[in-house]
Amino acid sequence: MGDGFKIFELVKKVLFTDFVKGLSITLGYNVSRSITHRYPDEEKWIPYRRFRGLHTLNKDEHGRELCVACELCSKACPTQCITVIPMEDDTGRGIADRVAKVWKVDLVRCLFCGYCEDACPTRAVRLGREYELACIDSRCNVRQREELLHPQPTPEAFEGGVVARATFIRKKRSIKVKADLMNTKKRSI
Ligand code: SF4
Ligand code: SF4
């Protein structure tokens, strides 16, 4: 180590260079724009469309279920967490006479890989953007067809990638954060 380097180190110590450098980083964060999300009390992140959250079972424009109970989704599922039991039904409930008597998914085993939606020939099953899946009762980890047929709060057409104003709703057996999609803003994360 040369004399020049030692003098340089000494000057740095005398002038508190490292201390000032560290302090400038701290002060910089103090005056920069906050990127903290005030979730769940005030804000909720709405993911991009490519996000893979809770399953949804779609209907066509006439309200008929698109699922034809072919079971391809359950066969493609790497964790075998989808159960499909078909039945014959000519009442017009579905787009074919073969409809799902049971369609359920066990979210504890689900990887949210999207293989089920890739395998579906009718685009009946899609992974939506609902990610608040925690619940008090473990039975609610198995989501049934009846629930999944309901539209999710964030429509597929909505672009996402924004923070929405939100209301925190606490119920006896669950909590929900209701987002106002008309009141959103971009924020880098
Ligand atoms: S997302 Fe993947 S793991 Fe989950 S149900 Fe679909 S195929 Fe199975
Ligand atoms: S969701 Fe799609 S792949 Fe699964 S049973 Fe229904 S039609 Fe077949």
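The values are calculated or read from the model by the stated rules, or taken from the named source; none is laboratory data. Quick caveat: nothing in here was measured; it's all calculated off a predicted structure. Every residue, glycine as well, gets a Cβ built from its backbone with ideal geometry; the counts of neighbours run over all protein chains shown.
Of all residues in the stretch 116-130, which are out of contact with any Asp or Glu (no Cβ under 8 Å at 6 or more places or on another chain) and exposed (fewer than 15 other Cβ atoms within 10 Å of the Cβ)? Result: D118, P121. Screening the stretch 95-106 for residues that are closer than 13 Å to R145 by Cα and surrounded by 17 or more Cβ atoms within 10 Å (Cβ to Cβ) and picking the one that is farthest from ligand 1 (Cβ to nearest atom) gives V99. Of all residues assigned to the stretch 133-143, at least one qualifies as being within 11 Å of ligand 1 (Cβ to nearest atom) and closer than 24 Å to E71 by Cα.
Scanning the stretch 166-182 for residues that are surrounded by 11 or more Cβ atoms within 10 Å (Cβ to Cβ) and not in a loop (DSSP other than H, G, I, E, B) returns A166, T167, F168, I169, I175, K176, V177, K178, A179, D180, L181.
Among the listed residues K172, K178, which satisfies the condition of being over 16 Å from the mean Cα position of the chain (by Cα) and not assigned by TED's automatic domain parsing to the domain that holds K59? Matching residue, one of K172, K178: K172.
Which members of the stretch 131-150 meet the condition of being within 19 Å of F51 (Cβ to Cβ), loosely packed, with under 13 Cβ neighbours inside 10 Å and either among the polar types (S, T, N, Q) or away from ligand 2 (no atom under 16 Å from the Cβ) (or both)? Matches in the stretch 131-150: A134 only. Where residues in the stretch 97-134 are among the charged types (D, E, K, R) and part of a helix (DSSP H, G or I), which of them is farthest from W45 (Cα to Cα)? Restricting to residues being among the charged types (D, E, K, R) and part of a helix (DSSP H, G or I), the top hit is D118. Close Cβ contacts (under 7 Å, 6 or more residues apart or on different chains) running from residues in the stretch 69-93 that are among the acidic types (D, E) to residues that are more than 8 Å from ligand 1 (Cβ to nearest atom) comprise E71/V84; E88/D97; E88/R98; D89/D97; D89/V99; D90/D97.
Residues of the stretch 134-151 that are among the polar types (S, T, N, Q) and in contact with a Lys or Arg (Cβ under 7 Å, 6 or more places away or on another chain): Q144 alone.
Checking L10, L23 one by one, the residue that is away from ligand 2 (no atom under 16 Å from the Cβ), in a helix (DSSP H, G or I) and surrounded by 11 or more Cβ atoms within 10 Å (Cβ to Cβ) is L23 and no other. Sort out for me the strands (runs of 3 or more DSSP E) sitting completely within the stretch 32-88 that have 1 or more residues that are within 11 Å of ligand 1 (Cβ to nearest atom). Fully inside the stretch 32-88 and qualifying: 55-57, 82-88. The selection criterion, being of a type in the set (K, R), more than 16 Å from ligand 2 (Cβ to nearest atom), at negative phi and touching a residue at least 24 places away in the same chain (Cβ under 8 Å), holds for K44.
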